Amino acid sequence: MTGKNRELKTVLITGGGSGIGFESAKLLRETGLYRVVLLGKERGKLEEAAEQLGGISDAVGFYVCDLRETSQIRPTVEKIAVNHQGIYALVNNAGVYPFGGVATTTEQSWDETFAVNLKAPFLLIQAVVAAMKKDPRTAKHGGRIVNVSSTAGILPNHFTLAYSVSKAALNHLTRTLAKELGPDNITVNCICPGIVRTGMHEAHHRNTTELEEFYTKRGSAFPLGRVGEPRDIAGAIRFFISEEASWVTGDVFVADGGRLLL
Ligand SMILES: NC(=O)c1ccc[n+]([C@@H]2O[C@H](COP(=O)([O-])OP(=O)(O)OC[C@H]3O[C@@H](n4cnc5c(N)ncnc54)[C@H](OP(=O)(O)O)[C@@H]3O)[C@@H](O)[C@H]2O)c1
């Protein structure tokens, strides 16, 4: 490890192989301040993402972990803390977005949504906070937790019952833990994106034409006239991780092109 890389602060990003998570990793690497460790369940995606970030190195790593398998979470976090000089920040970004209302949400879909969108973030925080508290640098530099929620957690989306409820709970988890972890110098914030152009929407549209029509129609109705790009959210994530945000905690920050004003 080079002297320069020894100074990097480690940021663990779940769902770092695609969309908002990957773009955040890119932006954080561009600052030259952070080492990024990506976590996801698809090895191929993580390998490709790491490649695009310059390849596996002191500054870029990845771990395969299916967040529905709760027993994998703590050992994976412990391994990351040992292999990458502790953990300065956790970005709980992985999420699933199934459609379904009261009659059509199956018990399995409900459980899977809550496992990935709420239980895994909690277990990750639990394991990361244990590592942060053991690390003498946390008292000095602080620790950062950023949860990627959704505007659906504030104003429910149509026909995404389990998703909207899981994200509302994630917002409250944020505020609750911000209170508890403040005295340990660990900030906990969450970001609620509106509609952002990522793979998450692809599964819900039959083809690219239909998907583009969806983005154009929805985006043109927002005050800022467009849907978001992953970079619009990555910028907010970078802020919450930065030193400049050291006195900000418990925030539920909306980045949605003005959607919630409608
Ligand atoms: N795009 C939007 O319009 C929008 C709006 C509001 C909020 N959000 C939130 O933004 C976050 C990121 O989503 P995105 O839009 O960037 O979509 P995305 O590209 O589909 O990213 C979702 C990520 O979650 C990971 N993931 C899903 N299930 C997992 C599991 N069981 N174990 C480990 N990782 C898992 C995926 O990794 P694998 O591919 O390896 O499974 C993927 O990298 C989500 O929390 C989402 O709810 C998105």
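Computed about its Cα centre, the charge dipole of region 1-141 is approximately 680 debye, with only Lys, Arg, Asp and Glu carrying charge at their Cβ. When you filter the GluC sites (Glu not before Pro) in region 1-104 for DSSP loop state and at most 15 other Cβ atoms inside 10 Å of their Cβ, you are left with E7, E42, E69. In the elastic network of the chain, a GNM with C-alpha springs shorter than 10 Å, the most mobile of T113, T249, T160 is T160. For K119, a cut-off of 16 angstrom between C-alpha atoms picks up these aspartates and glutamates, skipping any fewer than 8 places away in its own chain: D66, E69, E107, D111. Phi angles of region 98-108 translate, via the Karplus equation with coefficients 6.51, -1.76, 1.60 and θ = phi - 60°, into HN-Hα couplings of x, 8, x, x, 5, 7, 10, 7, 7, 4, 5 Hz per residue; Gly and Pro are given as x. Dividing the convex hull volume of the alpha carbon atoms of region 148-243 by its residue count gives 113 Å³ per residue.
In region 149-262, taking the dipole from charged Cβ atoms about the Cα centre, the farthest positive-side position among P193, I237, G225 is held by G225.
The Cβ shell under 10 Å around H205 holds other residues with a net charge of -3, Lys and Arg each +1, Asp and Glu each -1.
Can you give the charge dipole size of region 61-193 about its Cα centre, rounded to the nearest 20 debye, using +1 on the beta carbon of Lys and Arg and -1 on the beta carbon of Asp and Glu? It would help to have the intermediate numbers written out before the result.
Details: 12 positive and 9 negative charges, 106 e Å.
Around 520 debye, computed over region 61-193.
So what's Rg/Rh here for region 214-262, counting alpha carbon atoms and using the Kirkwood radius for Rh?
Here the Rg-to-Rh quotient is 1.08.
Add -39500 (n - 2.57) for each DSSP H run of 4 or more in the chain, then divide by its residues: what number comes out at 222 nm, to the nearest 500 deg cm²/dmol?
On the way: 10 runs with 114 residues, N = 262.
Rounded to the nearest 500, it is -13500 deg cm²/dmol.
I'd like the orientation of helix 230-241 relative to the chain: the angle between its Cα long axis and the longest Cα principal axis, in ° from 0 to 90, rounded to 10. That works out to roughly 40 degrees. Considering only the Cα atoms of the chain, their convex hull presents on average a projected area of 13.8 nm².
Computed on region 189-262, with alpha-carbon pairs under 8 angstrom and 6+ residues apart, the relative contact order is 51 percent.
Dipole magnitude for region 113-262: about 260 debye, using +1 per Lys or Arg Cβ and -1 per Asp or Glu Cβ, origin at the Cα centre.
In the chain, Cα pairs under 8 Å separated by at least six residues give a relative contact order of 19 percent.
Using the charge dipole of the chain (Lys, Arg: +1 at Cβ; Asp, Glu: -1 at Cβ; taken about the Cα centre), state which of T76, Y163, G250 has its Cα farthest towards the positive end. Comparing the listed Cα positions along the dipole, G250 ranks first. With the chain treated as a Gaussian network of Cα nodes joined by springs under 10 Å, which of N147, N185, N117 yields the largest mean-square fluctuation? Among N147, N185, N117, the largest GNM mean-square fluctuation belongs to N185.
Where a number appears in this text, it was derived from the coordinates with a stated rule and is not lab data. In this text the structure is predicted, and so the values were computed from the model without any measurement. Counting neighbours? That spans all protein chains shown, and the Cβs are built from the backbone with ideal geometry, glycine included.
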